[in-house]
Amino acid sequence: MPRATEPPPSRWSFPSDPALLARAAGEGEVVGVGADLEPGTLLAAYRAGMFPMPARGKTMAWWSPDPRGIVPLDGLRVSRSLRRSCGRFETRVDTAFDEVLAACADRRRRGAWISPEMVDAYRRLYDLGWVHTVEAWDGEGLAGGLYGVAIGGLFAGESMFHHRSDASKVALVALVERLRVGGARLLDVQWPTDHLRSLGAVAIPRAKYHRRLEEALRQPQPAAFGGG
């Protein structure tokens with residue numbers, strides 16, 4: 001897998017100081033609006049602990065939740081039934097980007113938020129080697145998967161989907177295994193939903209997340225996601 005290519009820098013700046021982000025967010029989680037979705041802008045945002053998601057319709061917002069959801073790489077909960085499901089699927093990395101993004105962006109899904117503009121933006125990051133998919137396959141084809149942004153020892157999970165029961169969970173298990181083997185430090189899941197909590201996700205304060213982020217960004221990229 002080729003190494004990631006650094007794009008031109010963004011013309012926008014993203015403060016990474018948790019205290020500044022707290023003042024910007026106030027009692028909410030949005031710390032900015034506008035900017036663009038150029039590759040350099042997206043990478044600058046993730047490196048500053050933010051991620052994009054539309055708010056108030058089509059307005060692009062930059063989010064920094066407090067607390068922040070993460071899955072500890074040594075704390076994933078794999079039940080017996082999920083372990084059995086892992087044997088039913090073959091997992092692959094980066095073999096079906098368009099299919100995974102299309103499934104995650106399907107407007108029929110409850111709470112769908114991934115716009116065509118965001119799909120195009122993450123496709124450009126994928127082409128540069130920063131976005132990756134983990135997929136679960138069976139005899140019928142693509143059964144489920146996820147995608148996210150890998151920078152150093154950070155994997156920022158963006159979205160997941162399933163066409164067959166447990167397929168997205170199997171993709172998550174495969175992701176965590178690859179991150180652990182590769183020496184990654186941080187799996188960001190944005191918000192610890194009930195579904196993710198059942199798999200071991202926890203909520204940590206924004207300031208603690210940023211300390212872990214700084215440490216993760218100093219780590220080399222796991223080989224499974226373009227590292228050496």
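The values are calculated or read from the model by the stated rules, or taken from the named source; none is laboratory data. These figures come from a predicted structure and were not determined experimentally. Here Cβ is always computed from backbone atoms with ideal geometry, including for glycine, and neighbour counts include all displayed protein chains.
Being among the aliphatic types (A, V, I, L, M) and surrounded by 17 or more Cβ atoms within 10 Å (Cβ to Cβ) is the filter; apply it to region 54-75 and report the residue that is farthest from Glu215 (Cα to Cα). It would help to see each step written out before you state the result.
Quick first cut of region 54-75, residues among the aliphatic types (A, V, I, L, M) only: 55, 60-61, 70-71, 73.
Applying the additional criterion that residues be surrounded by 17 or more Cβ atoms within 10 Å (Cβ to Cβ) yields 60-61, 70-71, 73.
Details: Met60: 28, Ala61: 26, Ile70: 15, Val71: 16, Leu73: 15 Å.
Only one residue tops the list, namely Met60.
Please go through region 15-32 and pick out each residue that is surrounded by 12 or more Cβ atoms within 10 Å (Cβ to Cβ) and farther than 12 Å from His210 by Cβ.
Listed by number, the residues that qualify are Ala24, Ala25, Gly28, Glu29, Val30, Val31, Gly32.
Consider region 131-172. How many of its residues are more than 20 Å from Leu73 (Cα to Cα) and of a type outside the set (S, T, N, Q)?
Our first condition is that a residue be more than 20 Å from Leu73 (Cα to Cα); within region 131-172, this holds for 137-144, 161-165.
Then keep just the ones that are of a type outside the set (S, T, N, Q); that gives 137-144, 161-164.
Counting residues in region 131-172 that are more than 20 Å from Leu73 (Cα to Cα) and of a type outside the set (S, T, N, Q) gives 12.
Do the conditions hold for Ala44, that is, is it on the phi > 0 side of the Ramachandran plot and not assigned by TED's automatic domain parsing to the domain that holds Glu158? Full working, then the answer.
On the way: on the phi > 0 side of the Ramachandran plot: no; not assigned by TED's automatic domain parsing to the domain that holds Glu158: yes.
It is false that Ala44 is on the phi > 0 side of the Ramachandran plot and not assigned by TED's automatic domain parsing to the domain that holds Glu158.
Residues are listed down the side, and each one gets a yes or a no for (1) part of a loop (DSSP other than H, G, I, E, B); (2) over 19 Å from Leu217 (Cβ atoms):
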{"residue": "Leu20", "(1), (2)": "no, no"}
{"residue": "Ala44", "(1), (2)": "no, no"}
{"residue": "Pro52", "(1), (2)": "no, no"}
{"residue": "Ala61", "(1), (2)": "no, yes"}
{"residue": "Pro65", "(1), (2)": "yes, no"}
{"residue": "Leu76", "(1), (2)": "yes, yes"}
{"residue": "Arg83", "(1), (2)": "no, yes"}
{"residue": "Thr91", "(1), (2)": "no, yes"}
{"residue": "Leu101", "(1), (2)": "no, yes"}
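Here is a yes/no grid of residues against (1) touching a helix residue (DSSP H, G or I) at 6+ places or on another chain (Cβ under 8 Å); (2) over 24 Å from Gly227 (Cα atoms):
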| residue | (1), (2) |
| --- | --- |
| Ala4 | yes, no |
| Ser16 | yes, yes |
| Leu20 | no, yes |
| Asp36 | no, yes |
| Leu42 | yes, no |
| Phe51 | yes, no |
| Ala55 | no, yes |
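Condition test on Arg180, is it assigned by TED's automatic domain parsing to the domain that holds Arg80, in contact with an Asp or Glu (Cβ under 8 Å, 6 or more places away or on another chain), in a helix (DSSP H, G or I) and basic (Lys, Arg)? Show your work before the answer.
On the way: assigned by TED's automatic domain parsing to the domain that holds Arg80: yes; in contact with an Asp or Glu (Cβ under 8 Å, 6 or more places away or on another chain): yes; in a helix (DSSP H, G or I): yes; basic (Lys, Arg): yes.
For Arg180, the condition - assigned by TED's automatic domain parsing to the domain that holds Arg80, in contact with an Asp or Glu (Cβ under 8 Å, 6 or more places away or on another chain), in a helix (DSSP H, G or I) and basic (Lys, Arg) - is met.
Hey, could you check region 204-228 for residues that are touching a Gly at 6+ places or on another chain (Cβ under 6 Å) and hydrophobic (A, V, I, L, M, F, W, C) and say which is surrounded by the most Cβ atoms within 10 Å (Cβ to Cβ)?
We begin by selecting, within region 204-228, every residue touching a Gly at 6+ places or on another chain (Cβ under 6 Å); these are 210, 213, 216-217, 219-224, 226.
This time we only want the ones that are hydrophobic (A, V, I, L, M, F, W, C), so: 213, 216-217, 223-224.
Details: Leu213: 26, Ala216: 19, Leu217: 17, Ala223: 13, Ala224: 21.
Once the filter is applied, the top-ranked residue is Leu213.
Pull up region 171-190, narrow it to residues that are closer than 11 Å to Pro222 by Cβ and in contact (Cβ under 8 Å) with a residue 40 or more places away in the chain, then point me to the one that is surrounded by the most Cβ atoms within 10 Å (Cβ to Cβ).
In this case the residue turns out to be Leu175.
Return the residue satisfying two criteria in turn: it lies in region 106-136 and is at pLDDT 95 or above and of a type in the set (Gly, Ala, Ser), and of such residues it is surrounded by the fewest Cβ atoms within 10 Å (Cβ to Cβ).
By that ranking, first place goes to Gly129.
For region 207-227, name all the residues that are over 14 Å from Arg47 (Cα atoms) and in contact with a Lys or Arg (Cβ under 7 Å, 6 or more places away or on another chain).
Passing the criteria: Pro222, Ala224, Gly226.
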